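Here's the structure, in structure tokens; my notes come after.
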Amino acid sequence: MENNQTADSEETKSCEYDPNVNQDELIMAQEKQIAEEIKANIAMVGELDDLSSLEREYSNDPVYFSKVATLLPKFSNVRRTRPDGNCFLRGFIFAYLEYCIYHREELTRFKQYLEASKEELFEMGFPKFTTEDFNDMFMEVVTDLEGSGSIDRVEAIINDAGTSDYLVVYLRLLISAHLQKNAEFFSFFIEGGRTVGEFCKQEVEPMYRECDHLHIVALTAALGVGVRVMYLDRGEGSSVVSHDFPEDKDPVIHLLYRPGHYDILYKA
Amino acid sequence: MAGRALKRLMTEYKQLTLNPPEGIIAGPTNEENFFEWEALIMGPEGTCFECGVFPAKLIFPPDYPLSPPKMQFTCEMFHPNIYSDGRVCISILHAPGDDPMGYESSAERWSPVQSVEKILLSVVSMLAEPNDESSANVDAAKMWRDDREQFNKIAERLVRNTLNIPYP
């Protein structure tokens, strides 16, 4: 907090400082404007793109370029997600629903899971009528896909802001519930002297908070869905490191991680 | 998106009408526009705001409940957590990261499972127990801490104002 104040006063020396204006509010207004621009220009989940588009993206960056090259034989396509703090969850649910429409038994299993999860959330003290609202929407989407499930339908659902955001909210509740149910275990991984409950209120349940390792561990464990994340960063070595969540499950979803962001990958 | 928000606000209004929490009345200013509400909040018993009936307005964003509403008292107020123009500044009205006050980590934050009712109940407890750590009105916070008698006098005048009873 003190550091912040020094930084503020240094910065304000150089530009004109109006003591009547709350500087934090100005920063928040600017952040909001950036978020609005991203919203207007980038689809929540974009079209299927050839993986060579990633190579082009990094044509001037030898480290990333050579790492992307190692992805090429294994993966053929990428779908980019909107960088709004919900990218992991949006990418996850898109890829999972897409998997489900080709694996109907999984869709049935997921529907049963969703149905049962509602009561569990109530028992854990999540407010009934607001939680129910988000669960209802998810059930509606899954029921819809049972009938007319197609990739076009998944694209339409995930790019409809109202629907898509509600699915993201519910996934956040499922993560929160899983973390709180296993609080003793997860408490060792939470930074900043916070309790698991506080972490959930601050980093999990609110929209637009980015997903970290813990979120991914919790979501994949709660749903029993395997995800493989390919880490494309400046780390050592020439290949892309991958990690499976949960470790003992065959991945049905592949995501590409670049620092601070997740996109969907498709196997060749 | 606004369609979902409207549906949710209508449900919340119905809930609040069927099951009103004690000392709180709230609903849309007119039924043409569900994104602007009026609320009447009774000063909590046993506090300096007791008996007052404080009017406020709530403005909901088009992406409610993903983002929280804003709340502003429309009567004169003097309180550590209310700006001099009436805007309410408590943690539940802010998502984490959208944080002008640096609230404590244990503070209740906005998330989509919160509701108008939760906000209004938080405002009632805020009236009962000001938080002078994160103050929107520094003068009020200082007086609350150092000169409670004077603070109570001002509060009594505000209570009388809301009831149209002249101050002796």
Please go through region B:125-143 and give me each residue that is crowded, with 19+ Cβ neighbours inside 10 Å and in a helix (DSSP H, G or I), ordered by number. B:Met126, B:Leu127, B:Ala140, B:Ala141, B:Met143
Applying the selection to region A:39-76, what residues are within 14 Å of chain B (Cβ to nearest Cβ) and in contact (Cβ under 8 Å) with a residue 12 or more places away in the chain? A:Lys39, A:Met44
Filtered residues of region A:59-71 (kept if hydroxyl-bearing (Ser, Thr, Tyr) and either crowded, with 17+ Cβ neighbours inside 10 Å or in a helix (DSSP H, G or I) (or both)): A:Tyr64, A:Ser66, A:Thr70
Being surrounded by fewer than 22 Cβ atoms within 10 Å (Cβ to Cβ), assigned to a helix (DSSP H, G or I) and more than 7 Å from chain B (Cβ to nearest Cβ) is the filter here, so list the residues in region A:197-214 that pass it. A:Gly197, A:His213, A:Leu214
Could you check B:Val88 against (1) within 14 Å of another protein chain (Cβ to nearest Cβ); (2) in contact with a strand residue (DSSP E or B) (Cβ under 9 Å, 6 or more places away or on another chain); (3) within 14 Å of B:Val124 (Cα to Cα) and say which number it fails? (1)
Unmet criterion (only one of (1) surrounded by 15 or more Cβ atoms within 10 Å (Cβ to Cβ); (2) modelled with pLDDT of 90 or more; (3) hydrophobic (A, V, I, L, M, F, W, C)) for A:Leu48: (1)
If you take the residues of region A:135-170 that are surrounded by 15 or more Cβ atoms within 10 Å (Cβ to Cβ) and among the polar types (S, T, N, Q), which of them is farthest from A:Leu89 (Cα to Cα)? A:Asn135
Of the residues B:Phe60, B:Phe78, which single one is over 23 Å from B:Thr162 (Cα atoms) and either touching a residue at least 40 places away in the same chain (Cβ under 8 Å) or of a type in the set (A, V, I, L, M) (or both)? B:Phe60
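What's the total number of residues in region A:128-157 that are within 14 Å of chain B (Cβ to nearest Cβ) and in contact (Cβ under 8 Å) with a residue 12 or more places away in the chain?
Of the residues in region A:128-157, the ones within 14 Å of chain B (Cβ to nearest Cβ) are A:128-138, A:140-141, A:157.
From what is left, the residues that are in contact (Cβ under 8 Å) with a residue 12 or more places away in the chain are A:131-135, A:137-138, A:141, A:157.
So the count comes out to 9.
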A:Glu120: within 14 Å of chain B (Cβ to nearest Cβ) and surrounded by fewer than 18 Cβ atoms within 10 Å (Cβ to Cβ), yes or no? no
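Step by step: first the residues of region A:72-108, then only those that are farther than 12 Å from A:Leu255 by Cβ and in contact with a strand residue (DSSP E or B) (Cβ under 8 Å, 6 or more places away or on another chain), then the one that is surrounded by the most Cβ atoms within 10 Å (Cβ to Cβ). Which residue is that?
Restricting to residues being farther than 12 Å from A:Leu255 by Cβ and in contact with a strand residue (DSSP E or B) (Cβ under 8 Å, 6 or more places away or on another chain), the top hit is A:Arg82.
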Any idea which residue in region B:8-46 is surrounded by the most Cβ atoms within 10 Å (Cβ to Cβ), counting only those that are within 13 Å of the chain's Cα centre (by Cα) and of a type in the set (Val, Ile, Thr)? B:Ile41
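The values are calculated or read from the model by the stated rules, or taken from the named source; none is laboratory data. Here the structure is a predicted model, which means the values were calculated and not measured. Positions of Cβ are backbone-derived with ideal geometry, glycine not excepted, and every protein chain shown enters the neighbour counts.
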